[in-house]
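Everything on this sheet refers to the single structure shown next.
Read-outs throughout are calculated quantities, based only on the coordinates presented, and are distinct from any laboratory measurement. Treat the numbers as computed from the prediction; the structure is a model and nothing was measured. Here Cβ is always computed from backbone atoms with ideal geometry, including for glycine, and neighbour counts include all displayed protein chains.
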Amino acid sequence: STVVLVFQAPTANTPEGSSSSSDFRFCVKHGDRVRVGEALGR
Amino acid sequence: GSGDSKGNAFLLPGATMATILMLGALHARRLYEGKKIEEKREKGIELEFHPDVKASFLGILPLRSISRAWGSLTSLEIPVWMRPYVYKAWSRAFHSNLKEAALPLEEYASLQDFFVRSLKEGCRPIDPDPRCLVSPVDGTVVRFGELKGSRGMIEQVKGHSYSVSALLGNNSLLPMVPEGKDQSEEEDAVGENNDKSWLRVSLASPKLRESISASPMKGLYYCVIYLRPGEYHRIHSPADWNALVRRHFAGRLFPVNERATRTIRNLYVENERVVLEGVWKEGFMALAAVGATNIGSIELFIEPELRTNKPKKKLFPTEPAEERVYDPEGHGLKLEKGKEVGVFNMG
């Protein structure tokens, strides 16, 4: 089985084009094994 | 008479031999293919979408009935003395971690009970950082990223993508504004279009509306996680959020393993699935639990009466999604980060 998560979060392409500290970033890579409760991104 | 029996005596071993040789050839071919794929992967070559005969063959099989038959088989009670042997064999075959099971193996009356087992306290600590989103399941990250443009396509595998609105349903709260339409037009459409009453309801509260609306400061992200048969199969909440609506799509039950993603078109949009949609502090959130042949059932602890993979009334036409709005006042059901939300089950 498969779970697909879709969610809104602050994005890097702010109008000024600069990346602000509040942008959402994934902290996983393709193929990573994850477990319940581990951070996918911040 | 003796000639006939002599003929049969020759025929039977010959047919058996031919069958064994054919199965051997198929297995050898499968091993060879698997080796080729492994070599490509080691070279970092990403495999492309490539439908094949097996995928077409799966398309004509009664996979839902097969899944329900599998469910009936795995729900049979196993004699107590036999249970440890069966579950140890299962965990050896599918690399399950028996040490984490909450109960002694003898306590799981059937393979299904064992499959939906919960874990010992503390086995899955929840990341306390309030800014982070946590994994709702155990599994392997197969795709993740930011959705660009208003069409919102997720790559199933290199060379083939599916649309998020097809995955979540046409009525989705997804903050996508179609090309050439601004948000206000979109809301007017909702106002006129009565069969979207729940959408009008859930966007009634301005607070909710403003928190979901598309904004240049917010992006739409996605993450696709594949669960292998031996994994822990309960689904937890990825953040503190409010579930507003549940959508059940009575779809196909193709396998969803790596090979299926490379050979079956629109796999996650075709398959039986349950979608929860709502809002979290950063805006829109949706969680789609997609079933597979051996795991046709998706149960929600927040809605115990929901049943999936039921016998279909009509053979082929795909039924529209069956929807339920949680708490029509528009606040939805509160789901705390890390709390159990549902579980995948066999059959």
Amide H partners (placed H, <5 Å) of B:Y326, local residues excluded: B:V245, B:R246
Distant-in-sequence amide H partners of A:V34 (H built 1.01 Å from N, under 5 Å): B:G139, B:T140, B:V141
Net dipole in debye of the range B:88-142 [+1 Lys, Arg Cβ; -1 Asp, Glu Cβ; about Cα centre; nearest 20]: 180
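What ranking do A:C27, B:C132 get, fewest neighbouring Cβ atoms within 10 angstrom at the top? Show your work: numbers first, answer last.
Values: A:C27 13, B:C132 18.
Ascending Cβ contact count within 10 Å gives the list A:C27, B:C132.
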Mean Cβ count within 10 Å, highest first, over the residues of peptides B:15-28, B:297-310, B:266-279, B:84-97: B:266-279, B:297-310, B:84-97, B:15-28
Length released on extending from B:R131 to B:A18, taking residue separation times 0.36 nm less the Cα-Cα span: 34.5 nm
About the Cα centre, charge dipole magnitude for the range B:1-142 (Lys/Arg +1, Asp/Glu -1 at Cβ), debye: 360
Phi-based couplings in Hz for the range B:252-267 (Karplus 6.51, -1.76, 1.60; Gly and Pro marked x): 6, 9, 5, x, 10, 6, 4, 5, 5, 5, 8, 10, 10, 6, 6, 3
Built amide H within the under 5 Å cut-off of B:F254, gap 5+: B:E272
J(HN,Hα) series, the range B:100-114, from Karplus relation 6.51 cos²θ - 1.76 cosθ + 1.60, nearest Hz, glycine and proline x: 7, 4, 5, 10, x, 4, 4, 6, 8, 5, 9, 4, 5, 4, 5
Simple Cβ-charge dipole of the range B:272-345, Lys/Arg +1 and Asp/Glu -1, about Cα centre, in debye nearest 20: 300
Prolate/oblate/rounded label for the range B:1-151 (Cα gyration tensor, a/c 1.5): oblate
Cross-link table B:K218/B:K334; B:K35/B:K158; A:K29/B:K312; B:K36/B:K120, entries beyond 29 Å C-alpha to C-alpha: A:K29/B:K312; B:K36/B:K120
Per-residue Cβ neighbour rank within 10 angstrom, fewest leading, B:I60, B:I154, B:I264: B:I60, B:I154, B:I264
Packing-based order for B:64-76, B:231-243, B:335-347, using average beta carbon neighbours within 10 Å, highest first: B:231-243, B:335-347, B:64-76
